[in-house]
Amino acid sequence: MLLVDDEPLVRRGLRAVLAAEPDVAVIGECGDGREAVRRIRAERPDLVFLDVQMPELDGLGVVDALAADERPPALVFVTAYDAYALRAFEVHAVDYLLKPFDEARLRTALARARQRLGATRVPADGARLAALLAELRPAAAAPERGVAHRPDRALERFLVRTGDRLLPVAVTAVDWIEAADNYVRLHVGAERHALRETIKALEAQLDARRFARIHRSTIVNLDRVRELRPLPSGDCAVLLHDGTRLTLSRSFRAAFEARFGRAR
């Protein structure tokens with residue numbers, strides 16, 4: 001693991017907690033982004049705790065510099081500004097720590113990193129076994145593709161973070177939802193809100209009368225759909241009332257169109 005932060009006190013605090021973790025080895029520290037890129041390429045750490053705002057080259061610049069590398073490390077962003085959370089999700093960061101963070105929050109980020117790194121190291125035989133078990137699982141146990149199975153009481157509100165506040169957002173106010181690794185982005189008018197949830201898990205909590213999966217990474221509010229435009233590929237362009245253009249993939253098309261009356 002590599003610690004990258006221009007604040008020595010932050011690096012010292014990280015080291016103090018990580019020293020108690022028997023499976024964690026801190027290979028070094030960096031105080032700026034350029035040194036971080038050099039050390040990451042030379043030493044290939046599995047995990048990097050990466051500050052966003054640094055001299056020379058900031059954390060986002062480090063990510064851009066490593067974008068073409070064959071095996072970039074897993075990242076935990078460390079930042080004093082919640083506004084960077086969305087960018088962290090876009091580059092598939094494991095987590096982000098909002099300064100000042102406590103020991104419990106750091107350990108949560110570390111647990112998520114272990115989960116991510118463990119998932120990438122599953123032996124081939126284990127992966128084949130998992131695939132075989134998935135095939136043998138009774139079909140009745142699997143949800144129908146493209147149809148959200150909602151609980152007895154569907155989700156009505158999200159609680160989203162804005163700066164240092166938590167704000168409720170009505171589910172009906174959401175135009176569409178986009179997957180971002182183990183997070184989702186809620187598109188609410190001109191606003192964007194990130195939640196730590198997978199799109200599959202969220203789909204199961206939504207009211208199937210109002211929301212539909214149209215792509216492996218997209219859920220749409222049916223009331224926001226203005227029109228569909230079939231494409232030569234068999235997919236469809238989904239146009240929302242605000243002009244947003246989304247893609248309805250072929251694998252979800254039949255289930256989606258069944259939600260509406262048959263076109264004459």
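Among the residues of the stretch 12-38, those identified as open to solvent by 40 Å² or more (accessible area, probe 1.4 Å) and either closer than 12 Å to P73 by Cβ or not in a loop (DSSP other than H, G, I, E, B) (or both) are R12, R15, A16, I27, E29, R34, E35, R38. Entry remark, the stretch 159-180: residues being open to solvent by 30 Å² or more (accessible area, probe 1.4 Å), over 29 Å from E257 (Cβ atoms) and in contact (Cβ under 8 Å) with a residue 24 or more places away in the chain number 4 in total. L3 meets the conditions (1) over 26 Å from the mean Cα position of the chain (by Cα); (2) open to solvent by less than 10 Å² (accessible area, probe 1.4 Å) in every case but one. The failed one is (1). Per the conditions (1) surrounded by 13 or more Cβ atoms within 10 Å (Cβ to Cβ); (2) modelled with pLDDT of 90 or more, the sole criterion not satisfied by G189 is (1). Those strands (runs of 3 or more DSSP E) of the stretch 193-236 in which at least 3 residues are farther than 30 Å from G163 by Cβ, considering only elements entirely within it, cover 211-215, 225-230. Number of residues in the stretch 61-80 that are open to solvent by less than 30 Å² (accessible area, probe 1.4 Å), within 15 Å of G33 (Cα to Cα) and under 18 Å from the mean Cα position of the chain (by Cα) equals 7. Answer with yes or no whether L246 is open to solvent by less than 20 Å² (accessible area, probe 1.4 Å), part of a strand (DSSP E or B) and closer than 28 Å to R157 by Cβ. Against the criterion (open to solvent by less than 20 Å² (accessible area, probe 1.4 Å), part of a strand (DSSP E or B) and closer than 28 Å to R157 by Cβ), L246 qualifies. Within the stretch 99-119, residues that are closer than 22 Å to E7 by Cα sit with their Cβ atoms under 9 Å from residues that are of a type in the set (F, W, Y) and at pLDDT below 85, at 6+ positions apart or across chains, in these pairs: K99/Y81; A109/Y96; A109/F101.
In the stretch 214-223, the qualifying residues are those that are open to solvent by 10 Å² or more (accessible area, probe 1.4 Å) and within 17 Å of the chain's Cα centre (by Cα), and the one that is farthest from R245 (Cα to Cα) is R216. Residue count for the stretch 192-208 satisfying the condition of being closer than 21 Å to T244 by Cα and exposed (fewer than 15 other Cβ atoms within 10 Å of the Cβ): 1.
What number of residues in the stretch 192-215 are among the basic types (K, R) and modelled with pLDDT of 90 or more?
Let us first name the residues in the stretch 192-215 that are among the basic types (K, R), namely 192, 196, 200, 209-210, 213.
Within this subset, residues satisfying the condition of being modelled with pLDDT of 90 or more are 192, 210, 213.
So the answer is 3.
With respect to P230, is the statement that it is loosely packed, with under 13 Cβ neighbours inside 10 Å and farther than 16 Å from L155 by Cα true? Yes, satisfied. Considering only the stretch 25-39, I want to know if a residue exists there that is within 21 Å of G163 (Cβ to Cβ), of a type outside the set (A, V, I, L, M, F, W, C) and touching a Lys or Arg at 6+ places or on another chain (Cβ under 6 Å). Taking every residue of the stretch 25-39 in turn, none turns out to be within 21 Å of G163 (Cβ to Cβ), of a type outside the set (A, V, I, L, M, F, W, C) and touching a Lys or Arg at 6+ places or on another chain (Cβ under 6 Å). Restricting attention to the stretch 249-264, the residues that are surrounded by fewer than 18 Cβ atoms within 10 Å (Cβ to Cβ), hydrophobic (A, V, I, L, M, F, W, C) and assigned to a helix (DSSP H, G or I) add up to 2.
The values are calculated or read from the model by the stated rules, or taken from the named source; none is laboratory data. Note that the structure is predicted; figures quoted are calculated from it, not measured. Ideal geometry is used to build each Cβ from the backbone, glycine not excepted, and the neighbour counts take in all protein chains shown. What goes into the accessible areas is simple: the full protein's heavy atoms, side chains included, and nothing from ligands, DNA or RNA. Shrake-Rupley method; radii C 1.70, N 1.55, O 1.52, S 1.80 Å.
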